[in-house]
Structures are given as structure tokens and as C-alpha cells.
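This report refers to the structure that appears directly beneath it.
The values are calculated or read from the model by the stated rules, or taken from the named source; none is laboratory data. If you're wondering where the values come from, they're calculated on a predicted model, not measured in any experiment. Cβ: placed from backbone, ideal geometry, glycine included. Neighbour counts: every protein chain shown. With ligands, DNA and RNA removed, areas are computed over all heavy atoms of the protein, side chains included. Shrake-Rupley method; radii C 1.70, N 1.55, O 1.52, S 1.80 Å.
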Amino acid sequence: RTTSSRSACGQHSPTCACSGLPIYNPPHLYSFSRSALLAVGTLSPPFIMGGQSSKLHPAVECELLASTRFDGPELRKWYHEFLVINPSGLLSKEEFVKQNMEFTSFGNEEFWQHTFDVIDKDQNGEISFVEWCMLLSCINRGSMREQLRLLFEIYDLDGSGTLDKQEIVHILEFLNGHRTLARPPEEIADEVFEAMDDEPSDGVISFEEFVNGFSRYPSIKNSLNVLDDAFRGFKESRFTGETSRLNG
């Protein structure tokens, strides 16, 4: 997006009066400016107006309007629902794993612990509303590339920025415990690397190789996509019957 003379909230200048910060344009939806959010206090409580209030702080709303695909009323609705479940305004790893083990059909504890680390962008051991909202926006309304970024980060177990064969096998083993795969995880991983690890082969898959290979090979796409299986509980109610853009 390009920065216009007005901010994403439609009420403020590019240097938003409610935050005193420029409205930034993140490189992709699922990543955001940690320094900007820290400056308005959204990565640690309290980031709401008036202490224990259900009203989303205008500075936070402006940032999320610029960084997600939700409008103001939707953000306020999500914020209210987030506080109902998490009154402190933060979601711990223990509670996140517990909730997803109970309320999704994807019941692998190790998978959800790793997924928490992917969502917890500032690595402080808690998920804020901002981080949670970024996930919802990506899963429900993100572009194919944005959803692929999330999927890539889930497979990237060591956070190196590349995928090795064992990481793909490991996530497929999680998936195999939920639904039966057509072939063994090791066989799928071999096919993935043969298709995606472009010449000269270096034994790892970069994000760009992942994006290009995912688009070219339907069989790989069907095998690797865990978003619709694992994240069904994060779907907006009107989207629950739909699959992610990765199946398009």
C-alpha cells in the first residue's frame, strides 16, 4: 500500500495524531513494525483505554487498520471477543496450547507450541491482541503469498529462514496424526525437495523456492497445506466452510 495524505483510519494524517507515529506499510501482512507497536504500548499491557476497558485504544486501532484487512467495527468486535477469552489482554503459551488442543481437531501439543512461537513475534512468551489479530487477518483474508509466508514459518522449525528435509517430515508427521496421508512423510518430503530445491541444489528450500514450487505442483500443495486442517478454529464464522487461498 502507498501512504496517502490520510491514515488508514480515515481520520488522521500520515503521522497519526493518536499515536504520533507514521503509519507504516509492512512488507507483508503477517509481519509488523515492532518498534512502532512498542511505542504505542501494544506489545505489553495495558494497551486499552481506561484500564480494564473493552475499548480498543485508537492508536492500536490505527496500526491494525493499516496492517490487517479488518475495518474498525470488525477490529472492535475481535477485541471484545479476545478480552472475553483472555481478560488480562495477553495469551500465554500454556493457555494457547490448551485452548487449541481442546477446541480444534488438531490435537498435537508440540505443533501448537511451535505455532505459538511463530505467532509470538516479539518472543516475550505471550500473544497480544495485535499478534492474534494479525494471525486472524492472514488466515481469513490474506493473499496467497501471505498465507504461504505463514505456512513456511510453520514448517521452519528452527527459524533459520530456510527449510530442510527433516523439518518437512516433522510437520507432515504432525499432520499424519490428524488425517491419513496418501504417502509416507519421507516420500512426500523427497518429492518436495526434488521439485522445489532449484539448481544449483543446496539442500534447503528458501521462501521464494517454496512459493514457486507450491504454485507449480498441485500434489505437493495438497500434501503440505496444514492451514485448513490446523487453523479451522481461527476461521471467521462466515468463512468456516471455505478453504484457504492455498487450495485455489
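At full extension, residue 95 and residue 201 could sit 34.0 nm farther apart than now, given 0.36 nm per residue minus the alpha carbon distance.
Counting Lys and Arg as +1 and Asp and Glu as -1, each charge on the Cβ, what is the dipole of the range 162-223 about the Cα centre in debye, to the nearest 20?
Numbers: 5 positive and 14 negative charges, 98 e Å.
Taking the Cα centre of the range 162-223 as origin, the dipole is about 460 debye.
Take the range 62-153 with all the other protein chains still there, run a 1.4 Å probe, and you get 38 Å² of accessible area per residue.
Only lysines eight or more places from residue 93 in sequence, or on another chain, were considered; those with a Cα closer than 18 Å are 121.
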